[in-house]
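Novice: Dumping the structure here so I can ask a few things about it.
The values are calculated or read from the model by the stated rules, or taken from the named source; none is laboratory data. Quantities reported herein were computed from a predicted structural model and do not represent experimental measurements. All Cβ positions, glycine included, derive from the backbone under ideal geometry; neighbour counts span all protein chains shown. Surface areas here come from the heavy atoms of the whole protein model, side chains and all, with no ligands, DNA or RNA. Shrake-Rupley method; radii C 1.70, N 1.55, O 1.52, S 1.80 Å.
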Amino acid sequence: MDELFFYNVYAIVQEIPIGCVASYQMIATLAGRPRNSRLVGKALRNAHLFGNYPCHRVVHADGSLVNGWEEQRSLLESEDVVFLTNGKVDMKSCLWKTTSF
């Protein structure tokens, strides 16, 4: 397990504002490893072991949600994240606009 990378991922995810989302690729890039978006997913699956992080705010680059995580959409909707008619997050209006990216 790449603990330092995981902690960097958690620190970045903690910064995503309410009502915004980030992609796995974006988090990987911000953590200094742009080719490791799948490892971001692994880190987020284990996040509950290290604290309480807003992992629901991380989605696929096309705005699709995590397969099998039914409550992700309701968590995002409760934060006023906008969804398109195809069920994906409206990335144009909800993507986190961080100055680091």
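Novice: Quick one: order 69, 96 from most to least accessible surface, probe 1.4 Å.
Specialist: Greatest to least solvent exposure: 69, 96.
Novice: If amide H atoms are built 1.01 Å from N in the plane of the peptide, which residues on other chains or at least 5 residues away come under 5 Å of the amide H of residue 95?
Specialist: Answer set, sorted by chain and number: 21.
Novice: Continuing with the same structure: For the range 56-101, what is the per residue volume of the convex hull drawn over the alpha-carbon atoms, in cubic angstrom?
Specialist: 82
Novice: Which of 26, 36, 8 sits farthest toward the positive end of the charge dipole of the chain, with +1 on the Cβ of Lys and Arg and -1 on the Cβ of Asp and Glu?
Specialist: Result: 36.
Novice: Quick one: divide the alpha-carbon radius of gyration of the chain by 2.2 N^0.38 Å and tell me what you get.
Specialist: 0.99
Novice: Please arrange 76, 65 by accessible surface area, largest first, computed with a 1.4 Å probe and ligands excluded.
Specialist: 65, 76
Novice: Here's something else I'd like to know. By average Cβ neighbour count within 10 Å, what is the ranking of 57-64, 80-87, 21-28 from highest down?
Specialist: The peptides rank, most packed first, as 21-28, 57-64, 80-87.
Novice: Per residue of the chain, what 222 nm ellipticity follows from adding -39500 (n - 2.57) for every DSSP H run with n ≥ 4, rounded to the nearest 500?
Specialist: Counting only the DSSP helices, I get -10000 deg cm²/dmol.
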